[in-house]
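Before any comments, here is the structure.
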Amino acid sequence: MQSIEAMVSFLFFVTIASGILLQLENQRDIDDSVYRVQLAEDAWRVLYLRGDFRDFSDAKRAALEQELAAIGDETGLCFFMDGVRFTNCRDSEPHATAVSLRKTVFYDGKPQNFTFSIGR
């Protein structure tokens, strides 16, 4: 009789323990969207503080894309401004955007809203 009670108790323990462990495993998925937004804001701030938006125009594309490439090398991400007008990832592969920010820059002497995005 005691062995039957022990087996039932053990079965109950295994059922409860496996349920708890499965719940803990699902909680390990961390939402990193706040970190992605902060990374996009930091990359924008670096470009702004380096003066890459002074006299901003298509003529400065090469210089800006070199700066985006340097930041992309450090982070392993692709950066896009206004779609793919300015980017460090000019290959033919499709890109997935993780975060997009709306920013204002002076473009050809007039303020314009641009979309600054990061992705892969």
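The values are calculated or read from the model by the stated rules, or taken from the named source; none is laboratory data. Fair warning: this is a prediction, and the values are worked out from it, not measured in the lab. When we count neighbours, we look across all protein chains shown, and the Cβ atoms used for this are built from the backbone with ideal geometry, even at glycine.
Here are a few things to note about the model shown:
- The residues in the range 88-120 that are hydrophobic (A, V, I, L, M, F, W, C) and farther than 19 Å from residue 67 by Cβ can be counted, and the count is 2.
- The condition (being at pLDDT 80 or above and in contact with a Ser or Thr (Cβ under 8 Å, 6 or more places away or on another chain)) is satisfied by just one residue among 101, 77: 101.
- Scoring residue 43 on the criteria (1) modelled with pLDDT of 80 or more; (2) out of contact with any helix residue (DSSP H, G or I) (no Cβ under 6 Å at 6 or more places or on another chain) leaves a single failure, condition (2).
- In the condition set (1) surrounded by 14 or more Cβ atoms within 10 Å (Cβ to Cβ); (2) outside any strand (DSSP E or B); (3) at pLDDT 85 or above, residue 52 is compliant with all but (3).
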